[in-house]
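Working notes, beginning with the structure itself.
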Amino acid sequence: MYYSIALPIPVRRLFTYVMAADRPPAPRGARVLVPFGKRVMTGVVVACDVEPVADVKQVIEVLDDVAALPPSILDLTRFLAEYYMCSWGEAIQAALPSGLTPQSVVRVELLRDVTEEDLSTMGRRAPKRAALLGTLVRHSGDVSVAYLQQKLKSTTIADQLQALQHAGWVRITNSVDEQHAPKTQVGVMISESLASMETALREAFDLLDAKAPKQSVLLGQLYLARHAGHGPVLRTALLSETGASASALDGLIKRGFAELRDVVVQRTETHATVIGSSKDESTVELTAEQAVAVDAIIEGMRSGTYRPFLLDGVTGSGKTIVYQRAIAHALEQGRSALLLVPEISLTPQLMDRFRIVFGDRVAVLHSRMGVGERTDTWRAIRNGERPLVIGPRSALFAPLERCGLIIVDEEHEPSYKQDDPAPRYHGRDAAMMRASLEQCVVVLGTATPSVETRFAADNGKITRLQLTHRADGAAMPKVRVVDLREARKSGQLHGSYTRDLLESIQERIERKEGTILFLNRRGFASQLQCMDCGDVPMCKNCDVALTYHKASFALRCHYCGYAEPARTMCLVCGSVDLKEAGSGTQRVEEELVSYLQGRDVQAVVHRMDIDSTQRKGSHRAILQRFAQGEIDVLIGTQMIAKGLDIGRVTLVGVINADAQLHHSDFRAGERTVQLLTQVAGRSGRTGARPGEVIIQTSSPDHAAIQASVHLQLEPWYRVELTSRREAHYPPYTRFIVVECSGLDESTVAQHASVLAQLLPAATDHFARLDPVAPPIPRMRNRFRQVIVIKNDKTADPSGKYCRAHLQAALDTYQAKYAHSSVRVTVDVDASGAF
């Protein structure tokens, strides 16, 4: 039988393979190992019994008896591949955990001992080869080429490896990595012959009661487990529950009364404590607005058709409880549900709240999980054991059967947009695609709808449900604006803090209440600058300044990860007068600790950003300590700006509201309104503790700041919509950005110009702008040129005409002009900053 197989490569076509006649057929959606050039890859069967072709290769191995991907996910990935202009295989790769996609790996093994003299001699003739050989010497056993590339910080080591192999120093082999098998532990069960014969069972108990009482206890426990319909009991649990010894169990097995079995166990996290309240919210009485929203969503589910809703509720209005009631209805009807969140940092608290209501039916999926743990969770979802899935955008591909409800929490968040690799999809839009394919309800929840979503609701494409009041009798927090310019002139600025904010923080510490301080920039300072010659250390791979991290005394690039030790003197002029310009979360943490210590105020100040949450479980640990009052002040980036529901927080301070406001992005004002409104909503979330928000800014009269302070989002939205219509910006158009990148600047510019000429400058459906360098012209050592296409949504609602023009241009470019030194990527519905 011949199969069409999708492979995870950037080639927009399927590949035909044949299965030997004596092997069982592979179902559509099954994973298969296939040869591809010199490699072995994991592909997915997307069509069976296709037309034969000549010179076809055979499938090496079928990895699934039952399809790994259900038809709904295959259909979704195909839709995403077409819309976001990538290959079907790339879209499918995004849907599978890495532990389920074994690939061939090139490995290098050292064949003989290497002396210092060998390295020295080689170093004089071929220093790169000597460095590679030295890396192999320092590592025991064989290593992958990817590991060597990482250690040597180079992707061009093939020639050096071939030379070492030719000289007899190394052996290069090609092998296939094993996929992550389910984790097993030793289990014990009563022997089948004993369990099925009542007389033999009674005689066994009589014998053991008389001669081996401990074994009798063990047998009794195993019998009860069998009688209750359970499978094997884990050996460790059995011994713990009975208090019996391992030797007693061994004796029971030797008598033939019990048997050992492998038991598949899931690698999932368990937590003894919860973050915040442990109340079962399924019993909470709904407000009138919540009840209306729940009824509308349930009615949508009963229709059995695609129904999109916008749940537009102020912060603290109880959107999560609405989610829970809607999910409960879906599960009661035998359907499954998916809840997407924008940040991994939001999953611990949400997971706790939903596990209290739904128990072990909840699964969480995110990239911080270990490969084995994520693979086990994925299998449990695929087997129908976990009908409710919570996670960030990658959880969109959870293999749920009979999906009845999809919820996108904080739908406005830019983190739902995948930047790299393909498919460069938007989680919110892809969730709506999946809901349309599954003919189910999708709910977009937020306190600050994106302009696109609100526009769709105004035009009747989405049903808008509103929650205008906070739940639990809580009032909206009091918001104050402090002008940084005036504070600076009057000498009331202590580092990054105004006197108003510092005094308010001190009051909360004395009252044992929680404070959240928000600054959307990590590190200590945005850059180091020499005060004599003006030199600023720059990333060697990107056209950006290196950020100073004081805690690790390092300069880091937040785009490519490059790092170097911080400098104590200027490398250009030798001056030691270096200034730490700008503020990051590390600096504001240090400034606050210094201020409090100078006034003998005992307080625990903690930072929560990507640098302080590298370890697994660190998000949960920090939030638990903060919720329990062990941390007085929590300083963080946008990961603390939304979703957190901690009742003891009564003060939120925004260190600098201008950080987002003046970005070179047409969405800068929208992002500012959303961030400020969301972070302000963390304060005063219970009726017993009113909240306060202090916003520090040098632009107090800016429309976005005023809208956030006075919660006048409607007037701001109308003005923003008018300006976007005049500029032909979303939601009236969709941006498609074609990027050309490479190591040589002039070559990249030449190819971008050629590709642009293959597209008309204007049609009835789109306008094509000339190639330009983006705000960061070089990133990860690759020079960049972008071609921006404005696709008119009125003339071309789905974008199919524009994509057809672009695909034809790309096909011509690939056939006549493409070169391996220039990479071309396409980003449909690109964000505002290119």
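The values are calculated or read from the model by the stated rules, or taken from the named source; none is laboratory data. Since the model is a prediction, treat every value here as computed from it, not as a measurement. Cβ sites come from the backbone with ideal geometry, for glycine too, and all protein chains shown count toward neighbours. Side chains are part of the model used for accessible areas, which takes the heavy atoms of the whole protein and leaves out ligands, DNA and RNA. Shrake-Rupley method; radii C 1.70, N 1.55, O 1.52, S 1.80 Å.
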Fill in the blank from the handout: The condition from (1) touching a strand residue (DSSP E or B) at 6+ places or on another chain (Cβ under 8 Å); (2) at negative phi that residue 85 misses is numbered (2)
Problem - Per-region count, the stretch 813-824, residues crowded, with 18+ Cβ neighbours inside 10 Å and among the hydroxyl-bearing types (Ser, Thr, Tyr) - result: 1
Practice task
Among the residues of the stretch 299-318, count how many are outside any strand (DSSP E or B), over 10 Å from residue 447 (Cβ atoms) and out of contact with any Gly (no Cβ under 7 Å at 6 or more places or on another chain).
Solution key: 8
Practice task
Mind listing whichever residues of the stretch 626-658 are of a type in the set (D, E, K, R) and over 24 Å from the mean Cα position of the chain (by Cα)?
Solution key: 630, 632, 648, 658
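A quick yes/no check of all residues on (1) assigned to a helix (DSSP H, G or I); (2) closer than 21 Å to residue 440 by Cα; (3) free of Cβ contacts under 8 Å to residues at least 60 places away in the same chain:
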site: 342; (1), (2), (3): no, no, no
site: 349; (1), (2), (3): yes, no, no
site: 352; (1), (2), (3): yes, no, no
site: 356; (1), (2), (3): yes, no, no
site: 374; (1), (2), (3): yes, no, no
site: 379; (1), (2), (3): yes, no, no
site: 385; (1), (2), (3): no, yes, yes
Completion exercise
The correct count of residues that are out of contact with any helix residue (DSSP H, G or I) (no Cβ under 8 Å at 6 or more places or on another chain), surrounded by fewer than 21 Cβ atoms within 10 Å (Cβ to Cβ) and in contact (Cβ under 8 Å) with a residue 24 or more places away in the chain in the stretch 292-310 is 4
Fill in the blank from the handout: Exception for residue 393 within (1) touching a residue at least 24 places away in the same chain (Cβ under 8 Å); (2) open to solvent by less than 40 Å² (accessible area, probe 1.4 Å); (3) closer than 22 Å to residue 76 by Cα; (4) within 20 Å of the chain's Cα centre (by Cα) falls at (2)
Problem - Candidate set from the stretch 529-553 (those that are among the hydrophobic types (A, V, I, L, M, F, W, C) and open to solvent by 10 Å² or more (accessible area, probe 1.4 Å)); member that is farthest from residue 612 (Cα to Cα) - result: 533
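Hey, does the stretch 631-638 have a residue that's under 26 Å from residue 341 (Cβ atoms) and open to solvent by 10 Å² or more (accessible area, probe 1.4 Å)?
Checked the stretch 631-638: at least one residue is under 26 Å from residue 341 (Cβ atoms) and open to solvent by 10 Å² or more (accessible area, probe 1.4 Å).
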Practice task
Give the stretch 37-56 a look and list any residue that's farther than 22 Å from residue 67 by Cα and touching a residue at least 24 places away in the same chain (Cβ under 8 Å), or say none.
Solution key: 38, 39, 52, 53, 56
Exercise for the section: Go through the stretch 191-204 residue by residue and tally those that are part of a helix (DSSP H, G or I) and surrounded by 15 or more Cβ atoms within 10 Å (Cβ to Cβ). Expected result: 4
Problem - Contacts under 8 angstrom Cβ, first residue in the stretch 704-722 being under 13 Å from residue 669 (Cα atoms), partner crowded, with 19+ Cβ neighbours inside 10 Å and among the acidic types (Asp, Glu), 6 or more apart - result: 704/670; 720/670
Practice task
Count, please, the residues in the stretch 205-234 that happen to be surrounded by 14 or more Cβ atoms within 10 Å (Cβ to Cβ), among the charged types (D, E, K, R) and under 14 Å from residue 251 (Cβ atoms).
Solution key: 1
Fill in the blank from the handout: Residues of the stretch 579-637 being among the acidic types (Asp, Glu) and in contact (Cβ under 8 Å) with a residue 12 or more places away in the chain, in sequence order, are 580, 589, 590, 591, 609, 611, 630, 632
Exercise for the section: Could you give me the residue pairs with C-beta distances under 7 Å whose first residue belongs to the stretch 782-797 and is within 30 Å of residue 562 (Cβ to Cβ), whose second residue is of a type in the set (Gly, Ala, Ser) and crowded, with 24+ Cβ neighbours inside 10 Å wherever it lies, and which are 6+ apart or on separate chains? Expected result: 785/752; 787/752
Completion exercise
Filtering helices (runs of 4 or more DSSP H) wholly in the stretch 445-527 for at least 3 residues that are open to solvent by less than 40 Å² (accessible area, probe 1.4 Å) gives 451-458, 499-510
Handout entry: Extreme residue, most open to solvent (accessible area, probe 1.4 Å), among residues of the stretch 579-593 that are farther than 15 Å from residue 555 by Cβ and not small (Gly, Ala, Ser)
Key = 590
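Please go through the stretch 108-135 and give me each residue that is of a type in the set (Lys, Arg) and assigned to a helix (DSSP H, G or I), ordered by number. Talk me through it step by step, then tell me what you get.
Step one: list which residues in the stretch 108-135 are of a type in the set (Lys, Arg), which gives 112, 124-125, 128-129.
Once the filter is applied, which keeps residues that are of a type in the set (Lys, Arg) and assigned to a helix (DSSP H, G or I), the stretch 108-135 yields 124, 125, 128, 129.
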Problem - Within the stretch 1-102, strands (runs of 3 or more DSSP E) holding 3 or more residues that are of a type in the set (A, V, I, L, M), open to solvent by less than 20 Å² (accessible area, probe 1.4 Å) and at pLDDT below 95 - result: 31-36
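Pull up the stretch 569-578, narrow it to residues that are in contact (Cβ under 8 Å) with a residue 24 or more places away in the chain and outside any strand (DSSP E or B), then point me to the one that is most open to solvent (accessible area, probe 1.4 Å).
So, considering only residues that are in contact (Cβ under 8 Å) with a residue 24 or more places away in the chain and outside any strand (DSSP E or B), the one most open to solvent (accessible area, probe 1.4 Å) is 571.
Can we say residue 233 is among the β-branched types (Val, Ile, Thr) and within 45 Å of the chain's Cα centre (by Cα)?
Against the criterion (among the β-branched types (Val, Ile, Thr) and within 45 Å of the chain's Cα centre (by Cα)), residue 233 qualifies.
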Exercise for the section: Write out, first by first residue and then by second, each pair whose Cβ atoms fall under 9 Å of each other, whose residues are 6+ apart or on separate chains, and whose first residue, in the stretch 538-558, is charged (D, E, K, R) while the second is open to solvent by 70 Å² or more (accessible area, probe 1.4 Å) and not in a loop (DSSP other than H, G, I, E, B). Expected result: 550/590
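If a residue must be touching a helix residue (DSSP H, G or I) at 6+ places or on another chain (Cβ under 9 Å) and either aromatic (Phe, Trp, Tyr) or part of a loop (DSSP other than H, G, I, E, B) (or both), how many such residues does the stretch 549-566 contain?
First, the residues of the stretch 549-566 that are touching a helix residue (DSSP H, G or I) at 6+ places or on another chain (Cβ under 9 Å): 549-551.
Next, from what is left, pick out any that are either aromatic (Phe, Trp, Tyr) or part of a loop (DSSP other than H, G, I, E, B) (or both): 550-551.
Looking only at that region, the number is 2.
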